[in-house]
1. Quick one: how many residues across region 80-108 are under 13 Å from Lys135 (Cβ atoms) and assigned to a strand (DSSP E or B)?
2. Of all residues in region 34-81 being among the hydroxyl-bearing types (Ser, Thr, Tyr) and in contact (Cβ under 8 Å) with a residue 12 or more places away in the chain, which is surrounded by the most Cβ atoms within 10 Å (Cβ to Cβ)?
3. Conditions first: (1) surrounded by fewer than 14 Cβ atoms within 10 Å (Cβ to Cβ); (2) touching a strand residue (DSSP E or B) at 6+ places or on another chain (Cβ under 7 Å). Thr152 passes all but one, so which condition is the exception?
4. Any residue in region 153-170 that is touching a residue at least 60 places away in the same chain (Cβ under 8 Å) and farther than 19 Å from Glu121 by Cβ sitting within a Cβ distance under 6 Å of a residue that is surrounded by 22 or more Cβ atoms within 10 Å (Cβ to Cβ) and of a type in the set (A, V, I, L, M, F, W, C)? List the pairs, counting only those 6 or more apart or interchain.
5. What pairs come out if I take residues in region 132-144 that are surrounded by fewer than 24 Cβ atoms within 10 Å (Cβ to Cβ) and assigned to a helix (DSSP H, G or I) and pair them with residues that are of a type in the set (Asp, Glu) and at pLDDT 95 or above whose C-beta lies under 6 Å away, six or more apart or interchain?
6. Restricting attention to region 171-212, report how many residues are in a strand (DSSP E or B), touching a helix residue (DSSP H, G or I) at 6+ places or on another chain (Cβ under 8 Å) and among the aliphatic types (A, V, I, L, M).
7. So which pairs qualify, if the first residue must be in region 87-101 and within 14 Å of Asp182 (Cα to Cα), the second must be modelled with pLDDT of 95 or more and in a helix (DSSP H, G or I), the Cβ gap must be under 7 Å, and the two must be at least 6 apart or on different chains?
8. Looking only at region 17-33, count every residue that is out of contact with any Ser or Thr (no Cβ under 9 Å at 6 or more places or on another chain) and surrounded by 13 or more Cβ atoms within 10 Å (Cβ to Cβ) and tell me the total.
Amino acid sequence: MTKWIDISQPLTNSIAHWPGDTSFQYETALTKEETGSVNIGRITTSAHIGTHVDAPFHFLNDGKRILDMDIDRYIGPCKVIDVSEFPAIDEAALKSKQLTQAERLLIRTSLPNNPERFPDEVPPVTPDGAAYMKKLGVKLVGVDTPSIDPVTSKDLAGHHALHENDIYILENVMLDHVEEGDYELVALPLPLKEADGSPVRAVIKPLEGDSK
């Protein structure tokens, strides 16, 4: 039986967070000894911690919130590709993979998977890359970086270009241990009605008949 592969960053108190944002903290707020029956945990976190999805409200005041998003986008066939030889996820990088169609695309870049270190730079998604994804039929893109824009970006050209091409955003997936190929993806956000993003537990498994 084919097993699911976890491509999520474990949420620990040492996980890296966006500079200036709220860090992730878990504590056992009440112990079994204190309650007489159970341990009760408490978390404090940003919505954009670890492996997470962005809603358009993250970068547009009138954008959709998490609970407005189409849940079907986060479940279904996906393709994993490696563009680590390229400095950006642009049209040239995508064309090098000779793709014909992909509804969900998970992209491995040159950035090593290190959940405890926030990177200084990331390979961004460019506007022409987003437009080319649209031609391929991409409805969701996942990257192994904390953002699909440069860390210092204020105009967030990648976020806006993906939104304009109706492509959902999944960030911080862990792909260093994953081979290129066709998979089934599940990466469901929490039902946070007003939120601009949500952590997810992202998992994949090879599609039946794929050569792995």
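1. The qualifying residues number 1.
2. Thr51
3. Going through (1) surrounded by fewer than 14 Cβ atoms within 10 Å (Cβ to Cβ); (2) touching a strand residue (DSSP E or B) at 6+ places or on another chain (Cβ under 7 Å) one by one, Thr152 breaks only (2).
4. Tyr168/Leu140; Leu170/Val53; Leu170/Ala187
5. From residues that are surrounded by fewer than 24 Cβ atoms within 10 Å (Cβ to Cβ) and assigned to a helix (DSSP H, G or I), the pairs are Tyr132/Glu91.
6. 5
7. Leu99/Leu136; Gln101/Leu136
8. Total meeting the criteria: 1.
The values are calculated or read from the model by the stated rules, or taken from the named source; none is laboratory data. What you are looking at is a predicted structure, and each value in this text was computed from that prediction instead of being measured. Every residue, glycine among them, receives a Cβ derived from its backbone with ideal geometry; neighbour counts consider all protein chains shown.
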